[in-house]
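S.K.: Okay, handing you the structure first.
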Amino acid sequence: MEIKNGTVYEIADEIQKNFFSSGSLTIVGKTGNIIRFKLSNGKGYGAMPLQHLEYMLRNKRVVQKLNKRKFLEEVSNAKDEGEEIV
């Protein structure tokens with residue numbers, strides 16, 4: 001799994017208390033297997049092992065938020081493949 005700087009992840013409601021009630025976190029750096037992040041609304045920053053972020057992604061504790069460009073690309077690709085968007 002590739003983790004890029006600037007990627008935004010939505011935090012699930014049930015674990016927001018562990019992140020100062022922040023709704024999302026943004027990746028700001030990676031050193032070795034440590035991920036550095038900042039929380040939304042200036043609620044702080046932190047770091048965690050890459051394996052822990054991967055665990056939270058697998059269990060849907062955090063979900064990658066699509067930026068507008070990525071969303072439009074997916075919609076365009078769906079239309080090209082003949083899928084109906086509801």
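The values are calculated or read from the model by the stated rules, or taken from the named source; none is laboratory data. In this text the structure is predicted, and so the values were computed from the model without any measurement. Reconstructed Cβ throughout: ideal geometry from the backbone, glycine too, with neighbour counts over all protein chains shown. Heavy atoms of the whole protein, side chains included, go into the accessibility calculation; ligands, DNA and RNA do not. Shrake-Rupley method; radii C 1.70, N 1.55, O 1.52, S 1.80 Å.
S.K.: Can you confirm whether segment 61-77 contains a residue that is part of a loop (DSSP other than H, G, I, E, B), at pLDDT 95 or above and closer than 14 Å to Tyr9 by Cα?
M.R.: First pass over segment 61-77, keeping only residues part of a loop (DSSP other than H, G, I, E, B): 61, 65-67.
Then keep just the ones that are at pLDDT 95 or above; that gives 61.
When the remaining residues are screened for being closer than 14 Å to Tyr9 by Cα, the result is 61.
Yes: one or more hits.
S.K.: Out of the residues in segment 15-46 that are under 18 Å from Glu2 (Cβ atoms) and over 14 Å from the mean Cα position of the chain (by Cα), which is surrounded by the most Cβ atoms within 10 Å (Cβ to Cβ)?
M.R.: Quick first cut of segment 15-46, residues under 18 Å from Glu2 (Cβ atoms) only: 25-37.
Remaining after also requiring over 14 Å from the mean Cα position of the chain (by Cα): 30-34.
Working: Lys30: 17, Thr31: 8, Gly32: 7, Asn33: 11, Ile34: 12.
In this case the residue turns out to be Lys30.
S.K.: Does Arg58 satisfy the criteria of being out of contact with any Phe, Trp or Tyr (no Cβ under 9 Å at 6 or more places or on another chain), open to solvent by 70 Å² or more (accessible area, probe 1.4 Å) and basic (Lys, Arg)? Steps first, answer last, please.
M.R.: On the way: out of contact with any Phe, Trp or Tyr (no Cβ under 9 Å at 6 or more places or on another chain): yes; open to solvent by 70 Å² or more (accessible area, probe 1.4 Å): yes; basic (Lys, Arg): yes.
When the stated conditions are applied, Arg58 passes them.
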